[in-house]
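What follows is a short report on a single structure.
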Amino acid sequence: MMPNPVSVHRHPAGFLEGRARPGTGRHGEILASFLQSDVQSDIETARMLLAEIIAAERGETPQAGGVGNAFSITISPEGAVIRNAVVEGAVPEHYSLAELRAALESWIAAIERGRRSTGPPTNFP
């Protein structure tokens, strides 16, 4: 697996848009959709998820997981599972902690840049 299966872009309308990196297929699409629909530009939610990943990397007991706008997520020392909570029978997608951490760190950086920037839309790595 690649370390970060998504890229982050600021849409001309101002919101963050997650995109699957080429070659990541459904794996990248699910994570991009989760970030865009459930995390959005909420820095507190993004930081809370990052803190859960860090705790899981230390082997701490996982939190109870949660359900957002369209997805549920569970983070444990074994990795993370994201499942579409709207589509009945949706197949869960599994991620390494490193993948989820890299995606969240990029997402947080994009949120922070957006708060500092008053210029035109920008693409973030």
Item to check | Residue tally, condition in contact with a strand residue (DSSP E or B) (Cβ under 6 Å, 6 or more places away or on another chain) and free of Cβ contacts under 8 Å to residues at least 24 places away in the same chain, over the range 80-114 | outcome: 6
Item to check | Answer from Ser33, Ser41 - the residue that is among the hydroxyl-bearing types (Ser, Thr, Tyr), touching a Phe, Trp or Tyr at 6+ places or on another chain (Cβ under 8 Å) and within 18 Å of His94 (Cα to Cα) | outcome: Ser33
Checklist entry - Can you list the helices (runs of 4 or more DSSP H) found entirely within the range 17-125 that contain at least 3 residues being at pLDDT below 90 and over 15 Å from Pro5 (Cβ atoms)? => result 97-116
Checklist outcome for this item: If we keep only residues of the range 1-50 that are in contact with a Pro (Cβ under 8 Å, 6 or more places away or on another chain) and of a type in the set (Lys, Arg), then the residue surrounded by the fewest Cβ atoms within 10 Å (Cβ to Cβ) is Arg21
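The values are calculated or read from the model by the stated rules, or taken from the named source; none is laboratory data. Everything numeric here is computed off the predicted structure, so don't read it as measured data. Don't worry about glycine lacking a Cβ; one is built from the backbone with ideal geometry, like all the others, and counts go over all protein chains shown.
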